[in-house]
């Protein structure tokens with residue numbers, strides 16, 4: 001049996017962050033991960049992260065993963081891959097299965113960072129090949145470069161369902177619908193809007209009645225759910241699909257903690273069975289800490305901060321740093337964490353209906369049901385203003401902790417202020433130069449540059465574009481509205497793909513003046 | 001073809017060398033090191049196994065080695081999770097019936 005200062009189970013964002021923090025204080029640390037590669041789910045997250053600079057906002061998840069691995073490698077963090085921790089026993093002993101061997105290790109401290117697993121939902125035909133988890137779709141697309149299917153129905157409108165639907169669309173899959181048994185879209189409105197404008201419809205409250213097919217999925221029937229969870233007769237709809245994706249939430253993988261005798265609690269707001277912990281992530285068993293999704297389902301951004309807190313706490317408990325240093329370092333991290341836990345989607349607010357923003361604007365009901373703002377609603381928000389010449393139009397209407405747009409603008413056109421959940425406000429008096437930095441910086445793709453004075457009778461609109469085939473300057477295609485409806489002819493007058501935009505390309509189109517508040521996407525004409 | 005040639009964000013997805021493997025007696029190609037399940041999917045294989053009692057088809061479900069729905073008989077070993085087992089040249093991959101490669105008696 002080998003003995004180390006700290007054993008970490010899981011080399012995802014939180015486990016690696018914990019290892020880096022502990023290693024910096026000199027702890028002999030070993031990280032076990034059952035996968036072939038480290039990084040957990042970060043390498044599948046190709047969207048730009050929300051948050052502020054300190055949370056690595058506007059950086060794509062997989063790049064944050066690369067940074068973490070580099071940092072861990074430079075510090076000499078030992079990561080043992082293809083090794084499954086199968087037991088956590090008294091006195092912080094663990095058993096690890098590596099190939100066909102079971103080995104014993106003892107850690108003076110242990111950090112469990114095992115993350116979460118996907119929830120499932122059963123319906124007629126749910127075991128057919130072609131019914132997959134949304135995580136599986138993400139893994140196939142972004143790690144292995146293969147399409148999970150061609151025509152896909154997504155069940156679940158939380159952020160995972162929305163983000164994966166977009167990723168499928170990015171690779172050219174036809175997403176026939178996003179459905180959810182809940183009456184309101186669960187994820188960020190901006191994520192919903194960016195898929196709605198590509199023409200993907202939302203059906204709420206709907207659920208799957210049956211996956212059709214004998215050997216594999218060939219279709220799906222959905223139906224509307226009433227308040228007693230029964231299908232409304234006559235509401236059934238059929239789609240021809242080859243794949244059904246399930247994005248119905250995550251559950252903490254806390255089995256090892258239970259095994260170790262940690263006091264557990266069942267907390268729906270955290271996603272299920274989680275250990276009872278103190279502010280340092282320490283469980284009821286002294287020396288066993290947790291961080292990341294295993295302690296409650298959140299984002300990778302918060303998991304990384306929790307990891308650092310747990311790593312520092314483990315170092316302190318073994319005497320590698322003083323109480324003062326721990327207090328000081330932890331306080332900084334807690335600040336960063338609490339700013340991420342603000343707003344309408346904060347962990348504590350799960351399941352509560354919110355009618356007004358922090359600023360007192362009514363929350364768009366249309367957005368929550370259909371996935372996009374109605375034009376009338378859009379005009380109510382501080383990011384949507386009329387101004388002369390080119391100016392940003394920010395259709396960001398929910399309080400989420402995110403502020404890269406404010407930093408992106410060098411001319412002070414965009415203001416969020418100290419509180420990072422505030423809705424961005426556009427100051428029409430300032431001089432927008434049309435640089436497009438805000439458009440590319442917005443992780444929600446909610447910023448457009450509009451110029452109502454482009455040409456007599458015509459306006460220009462700059463849209464963020466991340467789909468596969470980039471439009472070419474000079475081509476003429478179709479201007480689409482907020483739910484992908486065909487509105488008008490649109491001429492591509494500029495395409496910007498600068499490195500600094502990090503693959504959020506900026507496509508500027510010319511549309512008739514009366515379309516400037518309506519057109520929000522561009523579609524190439526069928527060849 | 002369901003392989004992504006050019007990804008709008010990730011660009012080209014790096015793969016190992018092209019190798020040959022055997023699926024139920026049929027010769028197929030895939031990239032070395034990618035999960036067996038991905039190589040099979042690229043060749044249009046959706047059914048990985050049939051369940052022991054009800055003989056129902058199963059394929060990829062979680063794709064991260066958790067659910068065990070995609071297990072097959074690989075080089076004579078049953079219950080190999082094809083979604084997390086890297087493809088090697090010359091592998092012999094068979095549909096799994098229950099826990100073996102022997103088809104059920106009808």
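Filter region B:42-69 for residues that are in contact (Cβ under 8 Å) with a residue 24 or more places away in the chain and facing another protein chain (nearest Cβ under 9 Å); which is surrounded by the fewest Cβ atoms within 10 Å (Cβ to Cβ)?
This residue is B:51.
So for region B:23-41 (the condition being surrounded by 20 or more Cβ atoms within 10 Å (Cβ to Cβ), more than 7 Å from chain A (Cβ to nearest Cβ), in a loop (DSSP other than H, G, I, E, B) and in contact with a strand residue (DSSP E or B) (Cβ under 8 Å, 6 or more places away or on another chain)), does at least one residue qualify?
No.
For region B:1-22, how many residues meet the condition of being facing another protein chain (nearest Cβ under 7 Å) and outside any loop (DSSP other than H, G, I, E, B)?
Summing the residues that are facing another protein chain (nearest Cβ under 7 Å) and outside any loop (DSSP other than H, G, I, E, B) in region B:1-22 gives 2.
Kindly provide the set of residues from region B:70-96 that are over 12 Å from the mean Cα position of the chain (by Cα) and within 13 Å of another protein chain (Cβ to nearest Cβ), ordered by number.
Matches in region B:70-96: B:77 only.
What are the residues in region B:48-72 that are under 16 Å from residue A:120 (Cβ atoms) and outside any loop (DSSP other than H, G, I, E, B), if any?
B:58, the sole residue that qualifies.
What tally of residues in region B:81-93 results from selecting those that are outside any loop (DSSP other than H, G, I, E, B) and either surrounded by 20 or more Cβ atoms within 10 Å (Cβ to Cβ) or at positive phi (or both)?
Number of matching residues: 2.
Looking at residue A:292, is it surrounded by 22 or more Cβ atoms within 10 Å (Cβ to Cβ), farther than 28 Å from residue A:417 by Cα and in contact with a helix residue (DSSP H, G or I) (Cβ under 6 Å, 6 or more places away or on another chain)? It would help to see each step written out before you state the result.
Details: surrounded by 22 or more Cβ atoms within 10 Å (Cβ to Cβ): yes; farther than 28 Å from residue A:417 by Cα: yes; in contact with a helix residue (DSSP H, G or I) (Cβ under 6 Å, 6 or more places away or on another chain): yes.
The answer is yes for residue A:292.
Is there a residue in region A:320-333 that is over 17 Å from residue A:190 (Cα atoms) and either modelled with pLDDT under 95 or touching a strand residue (DSSP E or B) at 6+ places or on another chain (Cβ under 7 Å) (or both)?
Scanning region A:320-333 turns up no residue that is over 17 Å from residue A:190 (Cα atoms) and either modelled with pLDDT under 95 or touching a strand residue (DSSP E or B) at 6+ places or on another chain (Cβ under 7 Å) (or both).
Evaluate region A:460-475: report whether one residue or more is over 20 Å from residue A:389 (Cβ atoms) and part of a helix (DSSP H, G or I).
no
Scan region A:507-524 residue by residue and report those that are more than 14 Å from every other protein chain (Cβ to nearest Cβ) and not in a loop (DSSP other than H, G, I, E, B).
If the condition is that a residue be more than 14 Å from every other protein chain (Cβ to nearest Cβ) and not in a loop (DSSP other than H, G, I, E, B), then A:508, A:509, A:510, A:511, A:512, A:513, A:514, A:515, A:521, A:522, A:523 are the ones that fit.
The values are calculated or read from the model by the stated rules, or taken from the named source; none is laboratory data. Please read all numbers here as calculations on a predicted model, not as lab measurements. Heads up, the Cβs are rebuilt from the backbone with ideal geometry, glycines too, and the neighbour counts pull from every protein chain shown.
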